[in-house]
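Below is one structure, written out as C-alpha cells, with a few remarks after it.
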Amino acid sequence: MNERRQHDTDELARLAQQVCERAAGNEQIEVCVSTGRSTTVRAYNGEVESLRSGVTAAIGVRVLDGGRQGFASAGSLDPDVVADTLEAARRNVAFGEPDPHQRLAEPDGVEPPGLDLGDPAVLSVPDSRKIAAAIDLERRCLDADPRISGVRVAAWSDGWSQSALASSTGICVQASTGSCSIGAQPLATDGDETQIGYAGDAARRPDQLDVDRVVTESTESATGQLGATKPPSEHLTVVLAPSVAAAFIGVVASVLAADSVLKGRSPFADRVGSVIADERLNLVDDPTDPATLGATNFDGEGLAARRNALISVGVLDGFLHNAYTARRSDTASTGSAVRGTRSVPGVGIHAPVISTGDIANDKLNASIGDGVLVRGVSGLHSGVNPTSGDFSVGAWGHRIAGGELAEPFREATIASTLQRMLLGICGIGATAEPLAGGLSMPPLVVADVALSGV
Amino acid sequence: MTQTTSTITPDSTAAGPLVDLDVVDATLREALQAGGEWAELFAEDRSSTGVLFDEGRVEEMNSGRDRGVGIRVTAGEVTGYAHTSDMTPEGLADAARTAAAVATRSQGGGKVEMESFRGAGMAESRVEVLPTAVGADRKVALLRAADEAARSTHEAITQVTARCADSRRRILVANSHGICAADDQVRTLFSVSCVASGDGGLQTGRETVGYTVGWELFDDCDPADLAQRAAQRAVTKLAARPAPSGEVPVVIARGGGGVLFHEACGHGLEADLVRKGASVFRDRVGSQVAAEGVTLVDDGTMGPEWGALRIDDEGHPTQRNVLISDGVLSDYMWDWLRSRDDGRAPSGNGRRQSYTHLPMVRMTNTFVTNGDIDPDDIIADTPTGVYVAQLGGGQVNTATGDFVFGMTEAYLIEDGKITEPLREGNLIGNGPQVLLDIDALGNDFAMGHPGTCGKDGQGVPVGDGQPTLRVRALTVGGTAA
C-alpha cells in the first residue's frame, strides 16, 4: 500500500477488520490502525527557522489466547508489514502467561456521545499562513514588554490523523481528528539576569487558538521571574495557579486508575466511599465536552467514552477502568482505556474537570493573608511518587503578604503528600480559567505545604 | 493501489545499505533542485522487543518495527524537513521536494558530492549476541529469577515488576557534502521495581542496568542481584523519615548523581541554546565556571555505555569532548548547523529521536572525572547533611541554570556518619552555583544508570557518571519542619 495515497477511515476500518477475521481457534484479535500528517514551523529572528512535515502510518495488533497476551506494532501499513505484525503478535502470545481476566472488550451497549471532532479546518491552512503565525507570535512576544530580549522558540504545529479500531469481539470504530497548536518560550533580561518563560495553546481549529493568552502568559512568566530570590523554608498555605492546579489534578487522576490500584501501587486502594479530599473537591473525567482536546467518542478499546465522577464532595466515588481492570474488579469498564496505536491499552483520564468554588479568583490572595502563589512547577516526573504519594516539585511564583501579591521567588520546592494535599484544600476559585487544549481549571488553595528554599 | 518496489532491504540483518546509494544520490539531487544549499538523507530501521513480568507472571510480550527516511534541506538560516515511511524512490523524491519547498533562497543551489561516498553506507553490529537471536524463554527465565529473588528478600515486598527490553537501530546518513555513514546500534536493558508495604504506607525501589551491547549484558549482570537491591531499597524506605527542608551539605554517591551535571550544566553547554541566548553559560568560554579540580566530559565513544554511538545522527564520528577543564569552561557541544554558523567542526553531538525528527545538539555520556579524596573521608568530614545514594530524573531551566531532580534513595548524615533513610523529595539548585560549590571530589568514579534525555519533545539514550562528591549547600525539598 502506497502511503503517499491517503487512506480514508472506512478503508482503515476495513483493513483492521480483515486482520481480525484471521482469528483462529480461541484467538481474540484487536487491531488499531492509523495514518497521520503533521507540520511544525519554528520562527526565529523574524523568519522561518525550520518547517518540518511528514506522513506516518502505524498498526498495533493485540492477540489474546487463553488469557495470554501478545502485542506487536509497526510504522507502516504495507500488506507485508501488516501480515508480519500479526505473526509477530502471535509469536509473542505464546510466551505470555494466562490471566483469566485478560480478554478483549465486548460491546457494552453504551451509546457514544456522537461528537463531531473531525473538523478539517487545519487541512486547509497553507504553509505560508503557518509560517506567518509563527513569525507573528515571535514578534508579538518581543513587542509585549521591553524586557523581552529574544524568543527561544516560537512555533506552530498542526496534525490530522485518521484511525480505526476493530476486534474479533465485534467492535469496529473509526475517527478523524485534527488539531493545531502554538507555543512560545520568550527570554526576559534585566542587567545580567535572563529568565525564560513558556505558554502554549492547542485547539481543533486555528480560529480557536488564543494567541493573546499565549503572548501574555509566556512573556509574563519570563518577566515575572526577574529579580526573584530563594525564599526561606517554612510550612505555609499555597495558592496553585490554574496551570499548576491542573498539573496537580493530573497526578491525582493517575493514581485513581484501576491498574495501579489492582497492583497495589495506589495510595487510594480500598478507599472507595471514604473521604480522601476536602469536601470542596468534586472531580470528574468528562470526555464528552467537545470544547476540550481530550474529548473523544470512543476509548482505546472502542467502547463509548463517558462522563465518570471520581471524587464527589471529597468522597472517592470509584476508579477508572478499562475492560481488563473492570473484569478483574467485577465491575464494568468506565470507557477509560487510553492507548496509542503502538501500545496496549492502559487506563487513564481523558479530560479532568473540577467544580469551581465560592471565592472570587481575585480575592484568593486576600483570603489567605500570608503564603505563596505558585505560578509554575518543574520536576513533576521525578518529584512525585504515585505509589507512596510523596510529592516534591520545583516551584516559582510570588509571595503573598497581608493578602497582597509581594516579591517573586524561585529555586524553591513545595512538598507534601498527595493524600495530605487533597485533604488540605481550603479554597477553590469561583472561575475556571482557560488552559491549553480547551481545558479550564480554577486556582486551588492548599494549606500546610512545605516550601523549601534557603 | 500502486505496488512499487521498496528500496529498503527487507531484512534488517542483511548487509546492504538501508537505501540503495543510487537512490540516495537521486534523492539528494532532487532535494537541491529548488535552490537549497545543502541536503541530507537520514534513513532508519528500528526494531525492538520487550517483555513485561508483573504480579508473578509474563503480562505482556511486545515487538515493534519502524523504518523511514527524513530529508533535510537548508538554505541560509532556513531548514526544511520532510519525513516519510514510504521508502520507494517516488516516496523519497516526494519527501525531498517537500523538504526543499521552504529552503529555496540561495542562488544556484548546492551540488551533490556523491563520488566520495561510493562503497560506504554499511556498518556491522559490534555486539556479541544479537538479542533477536535469543529465545523468549531465556528472557522469561531471567525475569522470573528476578521476581523470585525480589520477593524472597523480605516479606514486606508486595509487588514486583521486571522488564527486559532490547532495540536495534540501523541508520544511514548521507549529505550533499559527501558524508555517507552508517551505524548499527544495539541496546539491551533490564529493570526491576518493587513495592514494599508497611505501617506507614507504600514505598518503592528500582534498579536498572542498560548498555549499548547485546545479550552479553547478562554475562556480567545477575538479574537476581539487581532485584534484591531494588527490593532492599524499597524495604529500607519503609522506615524512612521525612527529608529535611532547606539548604544542607549534600554528598552524592559515585554513579548516583551524574544527572546533576547533565541537568545543572550539560544542557547549558549545548550550542543551540547558547546561540539563542538561552544559556547561562553563553560568553563564558575561558572563564572559571566550576570549582578547581572539576573536569566535565561528554564522550560518545565510551565503550558500551548507554549513550555510546559510533557516529551521531548527522554522520559525524562521536568523540571525547572536554567541556570544563579544571574548573574552566573549555567548549560547548555542537551539531552540524550550529558548527557551520560558527565556522568550526561539529563535535559529534547532533542527535535525533527518530527519522521523523530534526537533529539538534544533544549529550551522549556526560560525566565528572575523578578527584583524589577517599570517599569515606568525604562522609566523615561532613558533620551534618544528606547522603544521596541515587538521584532520579531531573529538569533544568537553561536560561538560569535552576534545576530540580528527585532523590530516590537518600540518608541523613549525622556526626560524619550515614544514619537514617529519608523519604523521597526533590533537590533544587542553581547549576553555575553548584559547580562552584563542589568542595570535595572523590577518587571512586563510576558511571550511573541508563537514562533517557528529553529536549523539545525528543528522547534519546544518555549516560552519566561521577565520583563521590560533596556540594557545600543544596536545597532539599522535604517536609520536615
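With respect to B:Glu270, is the statement that it is in contact with a strand residue (DSSP E or B) (Cβ under 6 Å, 6 or more places away or on another chain), buried (at least 20 other Cβ atoms within 10 Å of the Cβ) and charged (D, E, K, R) true? For B:Glu270, the condition - in contact with a strand residue (DSSP E or B) (Cβ under 6 Å, 6 or more places away or on another chain), buried (at least 20 other Cβ atoms within 10 Å of the Cβ) and charged (D, E, K, R) - is met. You will find that of B:Ala271, B:Ala278, the residue that is in contact with a Phe, Trp or Tyr (Cβ under 7 Å, 6 or more places away or on another chain), in contact (Cβ under 8 Å) with a residue 60 or more places away in the chain and within 14 Å of another protein chain (Cβ to nearest Cβ) is B:Ala271 and no other. Counting only helices (runs of 4 or more DSSP H) wholly contained in the range A:319-429, the ones carrying 1 or more residues that are of a type outside the set (S, T, N, Q) and touching a helix residue (DSSP H, G or I) at 6+ places or on another chain (Cβ under 7 Å) occupy A:323-328, A:380-383, A:418-423. Only one of the numbered conditions (1) among the small types (Gly, Ala, Ser); (2) more than 30 Å from B:Ser48 (Cβ to Cβ); (3) in contact with a Cys (Cβ under 9 Å, 6 or more places away or on another chain); (4) assigned to a strand (DSSP E or B) is not met by A:Gly60, and that is (2). Among the residues of the range B:335-372, those identified as hydroxyl-bearing (Ser, Thr, Tyr), closer than 30 Å to B:Asp439 by Cβ and under 14 Å from the mean Cα position of the chain (by Cα) are B:Thr364, B:Thr366.
For the range B:437-463, the set of residues classified as under 8 Å from the mean Cα position of the chain (by Cα) and in a strand (DSSP E or B) consists of B:Gly451, B:Thr452, B:Cys453, B:Gly459, B:Val460, B:Pro461, B:Val462, B:Gly463, listed by residue number.
Selection of first residues in the range B:220-237 that are over 23 Å from B:Gly198 (Cα atoms) and outside the structural domain of B:Val129 (by TED's automatic domain parsing) and of second residues that are at pLDDT 95 or above and crowded, with 22+ Cβ neighbours inside 10 Å, restricted to Cβ pairs under 7 Å at least 6 apart or on distinct chains, gives an empty result.
Any chance the range B:196-203 includes a residue that's hydroxyl-bearing (Ser, Thr, Tyr) and in contact (Cβ under 8 Å) with a residue 60 or more places away in the chain?
Checking the range B:196-203: not a single residue is hydroxyl-bearing (Ser, Thr, Tyr) and in contact (Cβ under 8 Å) with a residue 60 or more places away in the chain.
Residues considered: B:Gly64, B:Gly56. Of these, the only one that is facing chain A (nearest Cβ under 10 Å), surrounded by fewer than 21 Cβ atoms within 10 Å (Cβ to Cβ) and in contact (Cβ under 8 Å) with a residue 12 or more places away in the chain is B:Gly56.
For the range B:195-223, the set of residues classified as among the hydrophobic types (A, V, I, L, M, F, W, C), farther than 30 Å from B:Glu128 by Cβ and out of contact with any Pro (no Cβ under 7 Å at 6 or more places or on another chain) consists of B:Val195, B:Ala196, listed by residue number. Answer with yes or no whether B:Asp437 is under 29 Å from A:Gly183 (Cβ atoms), touching a residue at least 60 places away in the same chain (Cβ under 8 Å) and out of contact with any helix residue (DSSP H, G or I) (no Cβ under 7 Å at 6 or more places or on another chain). Against the criterion (under 29 Å from A:Gly183 (Cβ atoms), touching a residue at least 60 places away in the same chain (Cβ under 8 Å) and out of contact with any helix residue (DSSP H, G or I) (no Cβ under 7 Å at 6 or more places or on another chain)), B:Asp437 does not qualify.
Residue-wise test of (1) facing chain B (nearest Cβ under 8 Å); (2) surrounded by fewer than 24 Cβ atoms within 10 Å (Cβ to Cβ); (3) without any contact (Cβ under 8 Å) to a residue 60 or more places away in the chain.
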{"site": "A:Val61", "(1), (2), (3)": "no, no, yes"}
{"site": "A:Leu64", "(1), (2), (3)": "no, no, yes"}
{"site": "A:Gly67", "(1), (2), (3)": "no, yes, yes"}
{"site": "A:Ala74", "(1), (2), (3)": "yes, no, yes"}
{"site": "A:Val82", "(1), (2), (3)": "no, yes, no"}
{"site": "A:Thr85", "(1), (2), (3)": "yes, no, yes"}
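Of all residues in the range B:349-395, those satisfying the criterion of being away from every other protein chain (no Cβ under 14 Å), more than 30 Å from A:Ala395 (Cα to Cα), in a loop (DSSP other than H, G, I, E, B) and in contact with a strand residue (DSSP E or B) (Cβ under 6 Å, 6 or more places away or on another chain) are B:Asn349, B:Gly371.
Those helices (runs of 4 or more DSSP H) of the range A:198-290 in which 1 or more residues are closer than 23 Å to A:Ser378 by Cα occupy A:211-223, A:242-254. Just one of the listed residues (B:Val259, B:Val186, B:Val192) is within 20 Å of the chain's Cα centre (by Cα) and not in a strand (DSSP E or B), namely B:Val259. Filtering the range A:146-155 for residues that are closer than 30 Å to A:Thr189 by Cα, assigned to a loop (DSSP other than H, G, I, E, B) and in the same structural domain as A:Leu187 (by TED's automatic domain parsing) leaves a non-empty set. Do we find that A:Leu123 is farther than 25 Å from A:Val344 by Cβ and in contact (Cβ under 8 Å) with a residue 40 or more places away in the chain in this structure? Spelling it out, A:Leu123 is indeed farther than 25 Å from A:Val344 by Cβ and in contact (Cβ under 8 Å) with a residue 40 or more places away in the chain.
Filter the range A:185-218 for residues that are among the polar types (S, T, N, Q) and within 14 Å of another protein chain (Cβ to nearest Cβ); which is nearest to A:Thr292 (Cα to Cα)? Top of the filtered list is A:Ser218.
The values are calculated or read from the model by the stated rules, or taken from the named source; none is laboratory data. Everything numeric in this text was worked out from a predicted model, so none of it was measured. Note that we place each Cβ from the backbone using ideal geometry, even for glycine, and neighbour counts take in every protein chain shown.
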